[in-house]
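The values are calculated or read from the model by the stated rules, or taken from the named source; none is laboratory data. Not measured: the values here are computed from a predicted model. Methodologically, a virtual Cβ is constructed for each residue, glycine included, from the backbone with ideal geometry; neighbour enumeration extends over all protein chains shown. Areas reflect the complete protein model, heavy atoms only, side chains present, ligands, DNA and RNA absent. Shrake-Rupley method; radii C 1.70, N 1.55, O 1.52, S 1.80 Å.
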Amino acid sequence: MWKDEDRKYMDMALELARKGLGKVNPNPLVGAVIVKDGRVIAEGWHKECGSLHAETDALASCTEDPAGAAMYVTLEPCCHFGKQPPCTSAIIKAGIAKVIIAMTDPNPLVAGRGIKILEENGIEVRTGLFEDRARYLNRVFIKFITERRPWVVMKYAMTMDGHIAAASGDSRWVSCEESRRMVHEMRGRYMGIMAGKGTVETDDPMLNCRTEGMRQPVRIIADSHASLSCSSAIARTSKEYRTILAHTDAAPAERLDALKSCGVQTVECSHDQDGKVDMLDLTGKLGSMGIDSVLLEGGAGLNWSMVRDGLVDEYYIFVAPGIIGGEQAKCPVGGSGFLKMSDAVRMEVESVTRCGTDWLFHGFKESRVNEY
């Protein structure tokens, strides 16, 4: 049975962990609070990849000797050497008497070993306090560390009649300013941002984050024939922003050489039944590069490939209060589509909120709901 003070301190730890959003990938978001005799004597969180872990960050900021204190931490302390030494060793050395953990670490290098080491050294360990909240917060990390594939987020804005652009191709702007501002914050939260060749040709976007203080995402372009123009905004800025172009074996060598000279990183992937970049192969390659999350900013073709292959984990759908009409107006997801309604990919809607004048539907692939 958890006491009110336990809930209070773990809640604090979870809020601290959130401060690392968009800064620690592909590491987990972790917060820690140290309490002694009913007083908080230290707080810490993982601030960026390679920096002190939350536990050692908290220990370094103690206002008094932590011996005999309790530590509340959102993730099981690590017990292996990485960019930082094991947190378990630091906790034992500091004389912490009790550790309350929200969730065990799904990383195979830890996975309960951290808890065992603490207990073997006489430290009382309790787990499971706000586990659901901790798993939700670290859903990107959980998928990446267990499947070695990025968490895929589909984002698009459409009118009330389901269009992302007019029949003329005009799409500026479907959504309101508040929604567009939120999208830039999302770009800074995920490691990668992906678009297809068609979107790049039509919009000539930068695909960067314009929110101050946030990290720039890796730009990923799916372009089977490597036809991206060297004069495009993406190619011209590829030495400033890391850019990956995914292509198939149909891409001419001279096109690949031209793009490489611009600073574009090229990655060959297998092709799907339509001759386009196979998304399952691409996401596997992105995972091997350490890219733990991807925000889709593509058009109907890329969105369909991801939905068809069951690769979308999370959805942010902005619905603007306008009707554009037109049989040729573009819709968010194209392709051949599923032939039966029973085959439709289901989204479990978690929330519907206002974002300026738009409505934002946020949810997850139905099969993911019970995992987080």
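Annotations for the structure displayed:
- Loop-located chymotrypsin sites (Phe, Trp or Tyr not before Pro) in region 19-125, at most 11 other Cβ atoms within 10 Å (DSSP): Phe81
- The chymotrypsin sites (Phe, Trp or Tyr not before Pro) of region 286-339 that DSSP puts in a loop, and whose beta carbon has at most 14 other beta carbons within 10 Å, are Phe338.
- In summary, the lysines within cross-link reach of Lys260, defined as a Cα separation below 24 angstrom excluding same-chain residues under 8 places away, comprise Lys197, Lys239, Lys276, Lys285.
- Couplings 3J(HN,Hα) of region 334-339, computed from phi: x, x, 6, x, 7, 7 Hz, in residue order, whole Hz [Karplus 6.51 cos²θ - 1.76 cosθ + 1.60, θ = phi - 60°; x for Gly and Pro].
- The label-point distance for Ser61 and Gln265, in a model that sets each label 7 Å from Cα toward Cβ, rounds to 3.2 nm.
- Euclidean distance between Cα centres, region 208-238 to region 124-176, Å: 20
- Calculated from backbone phi, Karplus (6.51, -1.76, 1.60) coupling profile of region 35-46 in Hz, x at Gly/Pro: 10, 9, 6, x, 10, 6, 10, 6, 9, x, 7, 6
- Beta bridges by DSSP in the chain, antiparallel share as percent, to the nearest 5: 40
- 5 angstrom amide H check on Glu350, placed H, neighbours 5+ away: His362, Gly363, Phe364
- For region 216-340, the Kirkwood estimate of hydrodynamic radius, built from reciprocal distances between every pair of different alpha carbons, is 16.0 Å.
- Dipole size of region 1-131 about its Cα centre, with +1 on Lys/Arg Cβ and -1 on Asp/Glu Cβ: approximately 240 debye, rounded to the nearest 20.
- Stretch gain in nm, segment Thr357-Ser231, where the contour uses 0.36 nm per residue and the Cα spacing is subtracted: 41.8 nm
- In order along region 115-122, the Karplus-derived 3J(HN,Hα) couplings, from 6.51 cos²θ - 1.76 cosθ + 1.60 at θ = phi - 60°, round to 5, 4, 5, 4, 5, 5, 9, x Hz, and Gly and Pro are given as x.
- Nonpolar atom fraction for the chain, defined as the carbon and sulfur part of the 1.4 Å probe accessible area, stands at 50 percent.
- Taking the average, over residues, of other Cβ atoms within 10 Å as the packing measure, peptides 99-111, 183-195 rank 183-195, 99-111 from highest down.
- Cα gyration tensor shape for region 1-143, rounded if a/c is under 1.5, else prolate or oblate: rounded
- Estimated purely from DSSP H runs of n ≥ 4, each contributing -39500 (n - 2.57), the mean residue ellipticity at 222 nm for the chain is -8000 deg cm²/dmol once divided by its residues.
- Per residue solvent-accessible surface (Å²) - the chain, probe of 1.4 Å: 46
- Mean Cβ neighbour count within 10 Å, used as a protection proxy, ranking 131-140, 35-44 highest first: 131-140, 35-44
- Cβ-placed point charges (K, R +1; D, E -1), dipole of the chain about Cα centre in debye, nearest 20: 460
- Whole-number Å³ per residue for the convex hull built on Cα positions in the chain: 154
- Prolate/oblate/rounded call for region 76-132, Cα gyration tensor, a/c under 1.5 rounded: oblate
- Counting 0.36 nm for each residue step from Arg39 to Asp4 and taking away their Cα separation leaves a gain of 11.2 nm.
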